[in-house]
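Accompanying notes for the structure given below.
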Amino acid sequence: MSLEFLSQILGAIYDAALDEAGWVTCLEAVRVELGANYASLIVRTETTDDIGLIVSAGNDPSNIDPGNPYIALSPFTGMKPDQLVTMEDVLSEKEWRASSYYRDYCAPQGVFHVAAADIATRNGGVYGFRVTRPETSPPFSRDELDFCRLLIPHIKRALNLHLSISQDHKVSTLYSHAMAQLMVGVVVLDQNGLVMDCNPAAKTILEMNDGLRVVDKQFEASYVNDNRKLQGLVRNALLHPHAAKVSLTEAVSVSRPTGRMSWGLIVQSISSDQWTEGRQRPSVAVFVRDTEGKVDPPVRLAQQLFQLTPAETALAIQLANGLSLEEAAEVLSIRRNTARAHLRSIFSKTGVRRQTELVRIFLNSVAWLSAHD
């Protein structure tokens with residue numbers, strides 16, 4: 001085995017940590033190097049609630065397959081983590097041939113020789129690494145098994161790295177969703193003050209083209225004076241010392257050509273560290289909220305939180321959006337007396353006495369953080 005090949009296979013393993021599709025390339029390289037008919041990674045075994053998942057490179061044209069019920073019968077189940085074994089280490093040849101796992105699953109697939117390891121990740125998961133050959137091929141040699149043992153700690157690190165990245169992405173997505181549900185737009189600028197990313201709420205605000213815009217990746221205010229202030233704050237944030245423990249935060253008001261209430265912007269520096277140098281690093285965050293936007297929480301959750309009827313919930317949402325009782329009654333096509341009766345019932349159930357209090361508790365409730373029904 002050349003150092004060049006070893007470098008390539010290790011590179012493929014760590015590429016797979018960033019993109020699951022890379023496991024097929026990695027496993028194919030292992031399969032070819034060992035003259036195997038299959039090289040597989042058992043991601044999940046089949047259960048009553050999950051069909052499982054196996055990523056495999058081999059004679060089967062399908063690279064990503066659901067699990068199979070035979071894995072539960074495998075003699076390689078429950079092995080000591082991170083240790084490579086072969087079929088000969090687990091069963092005698094006679095026992096292997098007589099096993100249901102071999103007869104019903106392996107033999108039809110042309111699998112006879114098996115090198116297997118269960119790789120434990122830090123979240124308690126166990127991934128199965130398997131390399132197989134047909135009976136017509138020789139057993140795996142000591143050098144070939146040593147090669148597999150060399151790969152196991154790297155596969156383990158790559159799996160742990162993927163889990164960390166995936167978890168960070170899910171948490172980041174959750175935070176972004178919460179900000180969007182609260183109608184808080186976030187625009188992230190790089191070290192040159194150019195737009196790197198916008199969350200969904202910010203994209204909606206920019207699509208309005210009402211005082212804020214992006215021109216050639218530059219985040220701008222429509223009016224000259226407002227833009228001068230905004231760019232000054234961005235430059236100041238970019239000049240803020242990277243090593244500072246507390247990020248610089250400043251605010252600016254931006255007028256809207258439509259005459260609606262001005263945008264309120266918060267400009268905040270993003271402190272970096274010595275490992276985040278290079279191109280396009282997040283350096284400034286700009287927060288903006290559409291204070292006049294219509295809120296629309298899931299009706300079901302609002303009902304559950306405040307024990308309201310559907311009609312009462314619909315009225316409360318209209319009031320939270322700034323409508324008067326008379327305006328809300330008109331929008332909902334109900335009589336004013338009916339609206340007043342609903343409002344009295346809402347007051348009784350929520351424990352408030354004034355409409356302004358009702359609006360406050362609705363706007364501050366967790367109902368706004370959920371996806372719409």
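Just in segment 102-144: which trypsin sites (Lys or Arg not before Pro) are loop by DSSP and have at most 11 other Cβ atoms within 10 Å? The qualifying sites are 122.
In this structure, residue 336 and residue 357 have a Cβ-Cβ separation that, at R0 = 22 Å, corresponds to a calculated FRET efficiency of about 0.60.
How large is log10 of I(q)/I(0) for segment 299-369 at q = 0.21, 0.24 Å⁻¹ when the intensity is taken from the Debye formula with one equal scatterer per alpha-carbon? So the normalised log intensities work out to -0.82, -1.10. Magnitude of the charge dipole for segment 299-369, about its Cα centre and with charges confined to Cβ atoms of Lys, Arg (+1) and Asp, Glu (-1), is about 240 debye. Based on alpha-carbon atoms, the Kirkwood radius and the radius of gyration of segment 3-169 give Rg/Rh equal to 0.94.
In segment 98-241, a dipole from Cβ-located charges (positive for Lys and Arg, negative for Asp and Glu) runs towards its positive end, and of 206, 139, 189 it is 139 whose Cα lies farthest in that direction.
Run through segment 72-109 and list the GluC sites (Glu not before Pro) located in a DSSP loop whose Cβ has at most 11 other Cβ atoms within 10 Å.
On the way: sites: 88, 93, 95; in loops: none.
Qualifying residues, ordered by number: none.
Stretching residue 258 away from residue 136 to a fully extended chain increases their span by 36.1 nm, per 0.36 nm per residue minus the current alpha-carbon distance. Projecting the Cα positions of 345, 318, 332 onto the charge dipole of segment 299-369 (unit charges on Cβ atoms of Lys, Arg, Asp and Glu, taken about the Cα centre) puts 345 furthest along the positive direction.
Residue 18 sits among other residues whose Cβ lies under 14 Å from its own Cβ, and their net charge, with Lys and Arg +1 and Asp and Glu -1, is -3.
Quick check: net charge around residue 197, other residues with Cβ under 14 Å of its Cβ, Lys/Arg +1 and Asp/Glu -1? Cβ neighbours under 14 Å give a net charge of +2. Projected label points at residue 93 and residue 309, each 7 Å from Cα along the beta carbon direction, are separated by 8.1 nanometres.
Values in this text are rule-based calculations from the coordinates and carry no lab data. Source: prediction; values computed, not measured. So basically every Cβ, Gly included, is an ideal-geometry build from the backbone, and we count neighbours across all protein chains shown.
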